[in-house]
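Colleague: Just dropping this structure here.
The values are calculated or read from the model by the stated rules, or taken from the named source; none is laboratory data. Because the structure is a prediction, the values reported are computed rather than measured. Backbone-built Cβ (ideal geometry, glycine too); neighbour counts: all protein chains shown.
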Amino acid sequence: MSGHENKTKPTGTPVDEFIAHVEHAVRRADAEVLDEMFRRVTGAEPQMWGPTMVGYGAYHYEYASGHSGDALAVGFSPRKASLSLYGLTMQPEAAALLERLGKHRMGKGCLYVNTLKDVDVEVLEELMRTGYRYVTQQLDQSRPPVHQHFDAAAATWDQEPRKAEEARLLAQSITTALPLTGAERLLEYGAGTGLVSQALASHVASVTLADSSEGMRRAAQEKVSSGALPAGTRVWDLDLESGAVPADRFDLLVASLVLHHVQDIPRVLAGFHTLIDAGGHLAIADLDTEDGSFHAHVPGFNGHSGISRDQLTEWLDTAGFEDTTIRDSFEIDKEGTAFPVFLATARRR
Ligand SMILES: C[S@@+](CC[C@H](N)C(=O)[O-])C[C@H]1O[C@@H](n2cnc3c(N)ncnc32)[C@H](O)[C@@H]1O
């Protein structure tokens, strides 16, 4: 990206010390302001990269040539001639923001500003926020491919009208299948942007959404802020394949189109069992076994081509669930092919 990947590594020099020794007084004052802004916007502690670059966060890159390494995500350098700003110009939002930024020049992968007096700091802050998000979520290749895929898909997820309609159909199948009283504490696992919970919200007392993708969690959180999801809805970073099971307990756990992305399904089902109080219900919607064409467009997809109903019934029994019932729920239409989705419900023993 910035062309600094090969050469520059974190040095361990304290950033405050570096800034305090910047010779040029205006550059030093600007560096102090930039440091405060970058820390606040990214939430990351700064690090010196090489002798003169201050970086916030890092990302891992891998080129097709096989070359790979780590680079700073966003940052700056108070150079003699001007301030260089890194990682702020590649995100889709950058072009419109740069038009409103004020006096600046574009360099190879970086942005030059003479002094902060020349620019609108609110626009600069927006460039920092969107740039940091872009580099750490879209460019960082150290995250598991499934997270990368869903982080990238989150922003436009709800733009496909069929998704809300499918969520509505699934919610209808769930409320028909289960004796909900309205007092249930709902956990939706792998909730994505929360479409299914939106459709279920009026049937339950509280909603908690969990997802391993940061992009999806942000989209869901935005819906809580806008009122599209009920006030008080919690959004959790949770991956039961690799993380611990939270202490909270629920009466209804819904997982829609998630399990086929999970490698170790029995482990996740054991986590579900712990999370549900005795007598509570589990509702799993997923693709019936298919020929692999459903994920043909997802590079590096390493999940399952649907899930066999018999296999799931066996896994649920082993995990401590009873009264498993599996029925047809709805179909996903992808480029003219209909993929049937089942709904499995079970009670926690
Ligand atoms: C196909 S989307 C379905 C989203 C939502 N449930 C729906 O039906 O609209 C799958 C979701 O599962 C999440 N996911 C995949 N693997 C996961 C895991 N191991 N733990 C938690 N969430 C996971 C993804 O980030 C993504 O948001």
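Colleague: Determine whether Glu166 is near the ligand (Cβ under 9 Å from one of its atoms), in a strand (DSSP E or B) and in contact (Cβ under 8 Å) with a residue 24 or more places away in the chain. First the steps, then the outcome.
Modeller: Numbers: near the ligand (Cβ under 9 Å from one of its atoms): yes; in a strand (DSSP E or B): no; in contact (Cβ under 8 Å) with a residue 24 or more places away in the chain: yes.
Considered against the rule, which asks whether it is near the ligand (Cβ under 9 Å from one of its atoms), in a strand (DSSP E or B) and in contact (Cβ under 8 Å) with a residue 24 or more places away in the chain, Glu166 comes out as no.
Colleague: Let me ask something else. Among what's in segment 134-143 and is surrounded by 15 or more Cβ atoms within 10 Å (Cβ to Cβ) and touching a residue at least 60 places away in the same chain (Cβ under 8 Å), pick the residue that is nearest to Leu85 (Cα to Cα). Even if it seems obvious, please write down each step before you answer.
Modeller: Looking only at segment 134-143, we keep the residues that are surrounded by 15 or more Cβ atoms within 10 Å (Cβ to Cβ), and these are 134-140, 143.
Pick out the ones that are also touching a residue at least 60 places away in the same chain (Cβ under 8 Å) and you get 135-137, 139-140.
Values: Val135: 14, Thr136: 16, Gln137: 19, Leu139: 18, Asp140: 19 Å.
Ranking the qualifying residues of segment 134-143, first place goes to Val135.
Colleague: Right, next: For segment 289-300, indicate whether the set of residues that are under 22 Å from Leu195 (Cα atoms) and not hydrophobic (A, V, I, L, M, F, W, C) is non-empty. Give the steps one after another, and end with the answer.
Modeller: As a first pass, look at segment 289-300 and keep what is under 22 Å from Leu195 (Cα atoms): 294-295, 298.
Adding the requirement that they be not hydrophobic (A, V, I, L, M, F, W, C) leaves 295.
Among the residues of segment 289-300, at least one is under 22 Å from Leu195 (Cα atoms) and not hydrophobic (A, V, I, L, M, F, W, C), which makes the answer yes.
Colleague: I'm told Ser242 meets every condition in (1) over 23 Å from Gln138 (Cβ atoms); (2) exposed (fewer than 15 other Cβ atoms within 10 Å of the Cβ) except one. Can you identify the failing condition by its number?
Modeller: It fails just one condition, (1).
Colleague: Next up: Being free of Cβ contacts under 8 Å to residues at least 12 places away in the same chain, out of contact with any Gly (no Cβ under 9 Å at 6 or more places or on another chain) and under 19 Å from Arg347 (Cα atoms) is the requirement here; does Thr181 meet it?
Modeller: Values: free of Cβ contacts under 8 Å to residues at least 12 places away in the same chain: yes; out of contact with any Gly (no Cβ under 9 Å at 6 or more places or on another chain): yes; under 19 Å from Arg347 (Cα atoms): yes.
Taking the combined requirement at face value, the residue satisfies it.
Colleague: Just a yes or no: is a residue in segment 236-244 in a helix (DSSP H, G or I), within 12 Å of the ligand (Cβ to nearest atom), out of contact with any strand residue (DSSP E or B) (no Cβ under 7 Å at 6 or more places or on another chain) and assigned by TED's automatic domain parsing to the domain that holds Thr324? So that I can check it myself, show each step before the final result.
Modeller: Step one: list which residues in segment 236-244 are in a helix (DSSP H, G or I), which gives none.
No, segment 236-244 contains no residue that is in a helix (DSSP H, G or I), within 12 Å of the ligand (Cβ to nearest atom), out of contact with any strand residue (DSSP E or B) (no Cβ under 7 Å at 6 or more places or on another chain) and assigned by TED's automatic domain parsing to the domain that holds Thr324.
Colleague: What tally of residues in segment 71-100 results from selecting those that are of a type in the set (D, E, K, R) and either within 22 Å of Glu23 (Cα to Cα) or touching a residue at least 60 places away in the same chain (Cβ under 8 Å) (or both)?
Modeller: Applying the first criterion (of a type in the set (D, E, K, R)) to segment 71-100 yields 79-80, 93, 99-100.
Those left that are additionally either within 22 Å of Glu23 (Cα to Cα) or touching a residue at least 60 places away in the same chain (Cβ under 8 Å) (or both): 79-80.
Of the residues in segment 71-100, 2 are of a type in the set (D, E, K, R) and either within 22 Å of Glu23 (Cα to Cα) or touching a residue at least 60 places away in the same chain (Cβ under 8 Å) (or both).
Colleague: Before we move on, is Gln198 more than 9 Å from the ligand (Cβ to nearest atom), within 18 Å of the chain's Cα centre (by Cα) and surrounded by 16 or more Cβ atoms within 10 Å (Cβ to Cβ)? Spell out the reasoning first.
Modeller: Details: more than 9 Å from the ligand (Cβ to nearest atom): yes; within 18 Å of the chain's Cα centre (by Cα): no; surrounded by 16 or more Cβ atoms within 10 Å (Cβ to Cβ): yes.
Here the answer is no, as Gln198 does not meet what is asked.
Colleague: If you don't mind, another one. Restricting to segment 41-81, name every residue that is in a loop (DSSP other than H, G, I, E, B) and at negative phi.
Modeller: Going residue by residue through segment 41-81, those that are in a loop (DSSP other than H, G, I, E, B) are 43-45, 50-52, 63-67, 79-81.
The answer is Ala44, Glu45, Pro51, Thr52, Tyr63, Ala64, Ser65, His67, Arg79, Lys80, Ala81.
Colleague: Is it fair to say Ser65 is polar (S, T, N, Q), assigned by TED's automatic domain parsing to the domain that holds Gln137 and in contact (Cβ under 8 Å) with a residue 12 or more places away in the chain?
Modeller: In short, no.
Colleague: Within segment 250-289, can you find the residues that are acidic (Asp, Glu) and either buried (at least 21 other Cβ atoms within 10 Å of the Cβ) or in contact (Cβ under 8 Å) with a residue 40 or more places away in the chain (or both)? Outline the logic, then answer.
Modeller: Residues of segment 250-289 acidic (Asp, Glu): 251, 264, 277, 286, 288.
Listed by number, the residues that qualify are Asp251, Asp277, Asp286, Asp288.
Conditions (1) farther than 20 Å from Asp140 by Cβ; (2) buried (at least 16 other Cβ atoms within 10 Å of the Cβ), marked per residue:
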| position | (1), (2) |
| --- | --- |
| Glu17 | yes, no |
| Val22 | yes, yes |
| Asp30 | yes, yes |
| Asp70 | no, yes |
| Tyr86 | no, yes |
| Arg100 | yes, no |
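Colleague: Residue by residue through segment 312-327, note down the ones that are of a type in the set (Phe, Trp, Tyr) and either in a helix (DSSP H, G or I) or over 20 Å from Asp251 (Cα atoms) (or both).
Modeller: Trp315
Colleague: Further question: When you scan segment 92-135, how many residues do you find that are of a type outside the set (Val, Ile, Thr), touching a Leu at 6+ places or on another chain (Cβ under 8 Å) and in a helix (DSSP H, G or I)?
Modeller: 10
Colleague: What's the total number of residues in segment 46-56 that are surrounded by 21 or more Cβ atoms within 10 Å (Cβ to Cβ) and in contact (Cβ under 8 Å) with a residue 40 or more places away in the chain? Outline the logic, then answer.
Modeller: To start, the set of residues in segment 46-56 that are surrounded by 21 or more Cβ atoms within 10 Å (Cβ to Cβ) comprises 46, 48-49, 53-56.
Cutting the leftovers down to in contact (Cβ under 8 Å) with a residue 40 or more places away in the chain gives us 49, 53, 55-56.
The qualifying residues number 4.
Colleague: Could we say that Leu139 is among the aliphatic types (A, V, I, L, M) and either modelled with pLDDT under 90 or within 11 Å of the ligand (Cβ to nearest atom) (or both) here?
Modeller: On the way: among the aliphatic types (A, V, I, L, M): yes; either modelled with pLDDT under 90 or within 11 Å of the ligand (Cβ to nearest atom) (or both): yes.
It is true that Leu139 is among the aliphatic types (A, V, I, L, M) and either modelled with pLDDT under 90 or within 11 Å of the ligand (Cβ to nearest atom) (or both).
Colleague: Sticking with this structure for a sec: Considering each of Ala171, Ala183, Ala191 in turn, give the residue that is more than 10 Å from the ligand (Cβ to nearest atom), in the same structural domain as Gln221 (by TED's automatic domain parsing) and closer than 24 Å to Ala247 by Cβ. Explain how you work it out, then say what you get.
Modeller: Numbers: Ala171 fails: closer than 24 Å to Ala247 by Cβ; Ala191 fails: more than 10 Å from the ligand (Cβ to nearest atom).
The unique qualifying residue is Ala183.
Condition check ((1) more than 10 Å from the ligand (Cβ to nearest atom); (2) farther than 25 Å from Tyr134 by Cα; (3) not polar (S, T, N, Q)) across all residues:
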position: Ala219; (1), (2), (3): no, no, yes
position: Val224; (1), (2), (3): yes, no, yes
position: Pro230; (1), (2), (3): yes, yes, yes
position: Leu259; (1), (2), (3): no, yes, yes
position: Asp277; (1), (2), (3): yes, yes, yes
position: Asp291; (1), (2), (3): yes, yes, yes
